[in-house]
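Structure, as structure tokens:
The values are calculated or read from the model by the stated rules, or taken from the named source; none is laboratory data. Model, not experiment: these values are computed from the prediction. Cβ placement follows ideal geometry from the backbone for every residue including glycine, while neighbour counts extend to all protein chains displayed. Ligands, DNA and RNA are stripped out before the accessible areas are found, and what is left, the full protein with its side chains, is counted by its heavy atoms. Shrake-Rupley method; radii C 1.70, N 1.55, O 1.52, S 1.80 Å.
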Amino acid sequence: MIDQSTIDRIMDAANIVDVVSEYVTLRRSGTSYKGLCPFHDDKTPSFYVSPSKGVCKCFSCGKGGNAVHFIMEQEQMSYYEALKFLAKKYGIEVEERQLTPAQRQSQSERESLFAVNEWASKYFHETMLNTADGRTVGLAYFRSRGFRDDIIDKFRLGFSLSQYDAMAKEAIRKGYKDEFLLKTGLCYRRDDGSLRDKYWGRVIFPWFSVSGKIVAFGGRVLDSRTKGVNQKYINSPESEIFHKSNELYGIYQAKKSIVKEDRVYMVEGYTDVISMHQCGVENVVANSGTALNEAQIRLLHRFTSNITLLYDGDGAGIHAALRGTDMLLSEGMNVKILLLPDGDDPDSFARKHTADEYRKYIESNQTDFIIFKTNLLLGDAGRDPLKRAQLIKDIVRSISVIPEEIIRSTYIHECSEILGIDELMLVRETEKNRAQEKERIWKEKERERNRLQNKASVLPQTQTTPVTSSENAENTSVSPKKENTIGDITASTSGEVPPANNLPEEESNQTSADNEQIFVQEKANTELVSRQHREEKRFMGLERMIMSLVVKYGEQTIDSEDENGVHIQVTIADYVNSELQKDELKFRSPIYSSMLTDAVEGVRNPDFIASRYFLNNQNMDISTEAVELLSEPYQLSKGQTMPTEQELLSDYIVHLMLDYKFTVIEDELRIISEQLSDSAVYADHERCKDIMQKYIVLSDIQRKLAKRLGDRIVMK
């Protein structure tokens with residue numbers, strides 16, 4: 001466990017903008033910042049970060065929180081793992097009591113997998129630097145590729161000894177369990193039960209997650225073993241912490257440069273990334289042989305909307321350049337292509353040029369993807385009309401996935417001039433494709449919705465008797481098709497006619513009456529539940545507004561009066577609590593009741609700050625609710641001036657408490673009215689008299705409250 005004082009130090013040091021910027025490109029928006037949400041498919045910025053409150057929130061998907069909540073969601077960590085993550089980031093020492101063997105065993109599997117990978121990464125790196133074989137084989141290989149020592153350290157490159165089980169034995173000796181060595185893919189088990197290293201005799205390329213955690217490894221075979229080998233490179237298998245389709249090699253080392261340059265270069269392999277870093281071009285990542293997918297694109301889109309694909313100039317490079325680009329365009333990325341001169345790949349080209357030369361070459365030779373594709377396919381099609389028709393369809397298909405209408409129009413105009421085709425025809429074809437895609441998506445959603453409905457409607461069938469009496473049908477407002485029973489539901493949903501009624505007429509009439517009675521009762525129950533839901537929603541809305549002020553300003557004081565009418569200063573927390581206690585009221589929400597109690601106790605401490613206390617609270621439910629109460633989706637435009645919430649605080653909290661009491665009285669009067677409509681109550685004169693007296697008293701209080709509120713009309 002981490003003590004509260006250490007948690008407070010961590011939270012005070014954790015700048016929310018600094019933390020979120022590691023994962024999302026933020027732009028200033030008034031007093032806050034905004035960017036693309038990292039938790040859902042966000043096409044336009046809906047993720048807001050407030051440095052003054054220390055919170056972030058997506059007003060589209062609803063996710064957010066303080067710095068700890070953000071790291072928990074982003075890195076899939078527990079609360080204490082996220083605290084330790086931030087403590088390490090800001091150089092804060094965390095002292096924890098020694099864990100017992102049982103507690104150590106119960107630690108999360110994810111944490112154990114990360115721990116094993118972190119140890120293995122250091123082991124491979126130190127083995128390469130500090131052993132004879134490591135220096136003469138592994139280090140020699142990297143230096144032969146021209147990599148400097150600082151670059152080798154930056155990417156923590158390493159080497160695994162040629163002994164089959166050298167790493168496995170060392171890991172076991174250090175106390176790491178077999179199951180985690182196997183789950184991370186560092187080892188595999190032979191038929192005789194012994195462990196063997198997966199990467200023995202290979203140079204090692206660790207994969208860093210966007211936050212800098214080691215999630216996987218790539219290993220390259222060396223020497224003559226590469227001849228005739230199908231797989232020069234092998235990678236870690238899929239695991240709880242590694243999904244190759246979600247990761248990009250080099251993203252951790254590149255993210256700051258990507259934001260600075262507002263562009264990312266995409267290459268294919270490890271050495272392409274490392275060589276470009278060495279020549280000074282750092283905003284580069286590799287997909288390492290996997291086809292680009294939505295998860296990878298969204299990861300990049302957090303940092304920039306501009307991507308340049310760097311590939312060899314041969315046929316394979318051209319094919320790679322065309323692969324997955326429609327997906328990039330559909331995600332709102334601005335795509336450019338650069339094919340390097342024949343015989344060069346990004347690695348070899350980087351070793352021949354400086355960073356300035358590399359950048360100048362890129363700027364001079366990169367081409368917008370649509371133009372690149374048009375010119376490329378136009379050359380392939382020649383004068384063949386069928387091939388040109390197919391070319392037009394292919395180009396239009398790529399243009400139609402672009403979400404921005406202005407960009408689509410620009411590309412249509414460019415392609416019209418290049419292809420010599422009427423622009424209106426291209427526009428019509430583009431809109432046709434977009435309409436077809438929308439219809440396809442709609443049909444998929446409809447099929448899924450129907451599938452779920454059909455699954456939910458599979459109910460056990462019971463024999464029931466529908467209404468058949470013409471007399472009863474005429475005297476009731478209930479339609480014969482009304483779904484009153486399970487049997488009726490089954491019949492109506494299947495579109496089949498219910499089975500014929502073979503019961504005697506008297507029993508049939510009785511059944512019809514019973515069905516009508518059931519329907520009337522169900523309708524009444526539904527209306528009751530709906531009304532109760534509306535009332536509950538109304539109370540929760542008021543309680544939420546009151547607690548929002550307590551969380552924001554609970555320790556601040558306002559002018560009030562004591563029981564004798566003497567003017568006093570009272571904190572917001574105390575005022576709310578006293579107003580509730582005065583009328584023996586209590587919040588309906590358990591969490592709000594708990595938070596108010598904490599606030600009342602907290603304001604006894606002169607150093608208490610409500611917002612800080614609730615945001616840093618170790619109870620996740622409370623800290624999460626505090627974020628919700630502190631989040632504000634709207635801001636005033638520049639130049640607009642209005643009194644702030646804090647300036648109107650005294651009047652606002654008084655009005656809210658009066659409104660809350662008015663709502664309580666209104667609810668009580670409604671309940672009394674329902675009691676008086678009960679014939680049994682009305683027949684009991686004494687009870688009826690007491691209820692009427694209570695009604696008169698409450699009505700009088702309601703009128704007084706309405707007068708103070710000034711915006712209520714009380715019906716007599």
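Listed by first and then second residue, the pairs with beta-carbon distance under 8 Å, at least 6 apart or on different chains, first residue in region 536-548 and closer than 12 Å to Ser593 by Cα and touching a residue at least 12 places away in the same chain (Cβ under 8 Å), second surrounded by fewer than 17 Cβ atoms within 10 Å (Cβ to Cβ) and small (Gly, Ala, Ser), form an empty list. Among the residues of region 256-281, just one is surrounded by fewer than 18 Cβ atoms within 10 Å (Cβ to Cβ) and within 20 Å of Lys43 (Cβ to Cβ), namely Asp262.
Conditions tested, residue by residue: (1) closer than 25 Å to Ser305 by Cα; (2) open to solvent by less than 50 Å² (accessible area, probe 1.4 Å); (3) touching a residue at least 24 places away in the same chain (Cβ under 8 Å); (4) charged (D, E, K, R).
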residue	(1), (2), (3), (4)
Leu386	no, no, no, no
Val396	yes, yes, yes, no
Val401	yes, yes, yes, no
Ile406	yes, no, no, no
Thr410	yes, no, no, no
Cys415	yes, yes, yes, no
Leu419	no, yes, yes, no
Met425	no, no, no, no
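Mind checking which residues of region 553-583 are acidic (Asp, Glu) and modelled with pLDDT of 85 or more? Once the filter is applied, which keeps residues that are acidic (Asp, Glu) and modelled with pLDDT of 85 or more, region 553-583 yields Glu555, Asp574, Glu579. Of all the residues in region 127-151, those that are in contact (Cβ under 8 Å) with a residue 24 or more places away in the chain and either surrounded by fewer than 19 Cβ atoms within 10 Å (Cβ to Cβ) or out of contact with any strand residue (DSSP E or B) (no Cβ under 6 Å at 6 or more places or on another chain) (or both) number 10.
Within region 11-19, can one find any residue that is of a type outside the set (A, V, I, L, M, F, W, C) and under 30 Å from Leu328 (Cβ atoms)? Yes. Within region 251-268, the set of residues being at pLDDT below 90, part of a loop (DSSP other than H, G, I, E, B) and either among the basic types (Lys, Arg) or touching a helix residue (DSSP H, G or I) at 6+ places or on another chain (Cβ under 7 Å) (or both) comprises Glu268 only. Going by the structure shown, is Glu22 touching an Asp or Glu at 6+ places or on another chain (Cβ under 7 Å), open to solvent by less than 50 Å² (accessible area, probe 1.4 Å) and under 25 Å from Tyr252 (Cβ atoms)? The answer is no for Glu22.
In region 435-454, the residues that are within 21 Å of Glu405 (Cα to Cα) form Cβ pairs under 8 Å with partners that are in a helix (DSSP H, G or I) and open to solvent by less than 100 Å² (accessible area, probe 1.4 Å), at six or more places apart or across chains, as follows: Glu437/Ser400. Take the residues in region 173-184 that are in a loop (DSSP other than H, G, I, E, B) and not basic (Lys, Arg), then tell me which one is surrounded by the fewest Cβ atoms within 10 Å (Cβ to Cβ). Across region 173-184, the extreme among qualifying residues is Gly175.
Yes/no matrix, rows are residues, columns are (1) part of a loop (DSSP other than H, G, I, E, B); (2) in contact with a Cys (Cβ under 6 Å, 6 or more places away or on another chain); (3) open to solvent by 60 Å² or more (accessible area, probe 1.4 Å):
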site: Val335; (1), (2), (3): no, no, no
site: Asp344; (1), (2), (3): yes, no, no
site: Phe349; (1), (2), (3): no, no, no
site: Glu363; (1), (2), (3): no, no, yes
site: Ile371; (1), (2), (3): no, no, no
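The condition of being surrounded by 24 or more Cβ atoms within 10 Å (Cβ to Cβ), modelled with pLDDT of 85 or more and in contact with a Gly (Cβ under 9 Å, 6 or more places away or on another chain) holds for Val284. For region 558-572, indicate whether the set of residues that are among the aliphatic types (A, V, I, L, M) and in contact with a Leu (Cβ under 9 Å, 6 or more places away or on another chain) is non-empty. Yes, the conditions are met somewhere in region 558-572.
Meeting the requirement of 1 or more residues that are of a type in the set (Val, Ile, Thr), the strands (runs of 3 or more DSSP E) wholly within region 1-51 are 47-50.
Within region 591-613, being open to solvent by 80 Å² or more (accessible area, probe 1.4 Å) and outside any loop (DSSP other than H, G, I, E, B) holds for Glu601, Arg612, Tyr613. Within region 214-225, the presence of a residue that is modelled with pLDDT under 90, of a type outside the set (A, V, I, L, M, F, W, C) and not in a helix (DSSP H, G or I) is excluded.
Which of the residues belonging to region 375-384 are surrounded by fewer than 16 Cβ atoms within 10 Å (Cβ to Cβ) and assigned to a helix (DSSP H, G or I)? Result: Asn375, Gly379, Asp380. Can you pull out the residues in region 552-590 that are open to solvent by less than 50 Å² (accessible area, probe 1.4 Å) and assigned to a loop (DSSP other than H, G, I, E, B)? Listed by number, the residues that qualify are Gly554, Gly565, Leu585, Phe587, Ser589.
Kindly evaluate Lys198 against the criterion of being in contact (Cβ under 8 Å) with a residue 12 or more places away in the chain, open to solvent by 10 Å² or more (accessible area, probe 1.4 Å) and farther than 23 Å from Lys88 by Cβ. Yes.
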